[in-house]
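Below is one structure, written out as structure tokens; comments come after it.
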Amino acid sequence: MGVSEVNDNILSPQDVRKILDSDNMEIVRLCKKADISPRKTDDGKTYFSLDDVRALKQVKEGNNPNAPVISQNASQLVVDSLLKSLHRMENSITDSVTKILDERLEGMDEVVVELIRCKTENENLKNQIEELNKENYSLKKESASYKPFLFGLYTKEEVQQSLF
């Protein structure tokens, strides 16, 4: 074992596998998680430093030394920033929906006014029809009160008052 014999602080991949009791794929995963990249010697052989192996072991045990530690103030700033961002998004969405609704409903005022005018006109026409029907009925009754007599002469009988 050429590399580990040269320096006690340098470990070969085989030594790392034995120390971590892992296969190559798990070591690659741990390296990515701990943000460690293996080094290479001048002749192209891969090796790890003792500190790298300690960091990999901590990552494997669940204690990532490189994991960012967020203080209470920093986490509160992140939460506040997210809340402000959500509030801005809410206002933006509300404004855009309001604008779209205003554009779509812009002509509705005129339509409502026109419908009210038509309804009023319709009611007036119904009242006129009712009055004309009453007048027509009374005129027919008046006409029916004339009875033919002799030689094209007519006599008028008394007309009864209508209940209308």
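The values are calculated or read from the model by the stated rules, or taken from the named source; none is laboratory data. All figures in this text were calculated on a predicted structure; none of them were measured in a lab. Cβ coordinates were reconstructed from backbone atoms using ideal geometry, including for glycine residues, and neighbour counts include every protein chain displayed. The accessibility values were calculated without ligands, DNA or RNA, using every heavy atom of the protein model including side chains. Shrake-Rupley method; radii C 1.70, N 1.55, O 1.52, S 1.80 Å.
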Specify the angular offset, from 0 to 90 degrees and rounded to the nearest 10, of the alpha carbon long axis of helix 50-61 from the longest principal axis of the alpha carbons in the chain.
40 degrees
At 7 Å along Cα-to-Cβ for each site, give me the label-to-label distance between Glu157 and Asp109 in nm.
6.4 nm
Lysines near Lys134 by alpha-carbon distance under 17 Å, same-chain residues fewer than 8 away left out - which ones?
Lys126
Helical mean residue ellipticity (222 nm; -39500 (n - 2.57) per DSSP H run of 4+; nearest 500) of the chain:
-22000 deg cm²/dmol
Note down the relative contact order for the chain as a percent, whole number, built from C-alpha pairs under 8 angstrom at least six residues apart.
12 percent
Labelled set (1) -0.54, -0.66, -0.93; (2) -0.41, -0.61, -0.88; (3) -0.71, -0.84, -1.01; log10 I(q)/I(0) by the Debye sum over Cα atoms at q = 0.09, 0.12, 0.16 Å⁻¹ computed from this model equals the value at (3)
Taking 0.36 nm per intervening residue step and subtracting the Cα-Cα distance, what contour gain separates Lys147 from Asp42 on full extension?
24.0 nm
Give me the percent of accessible area attributable to carbon and sulfur for the chain, probe 1.4 angstrom.
56 percent
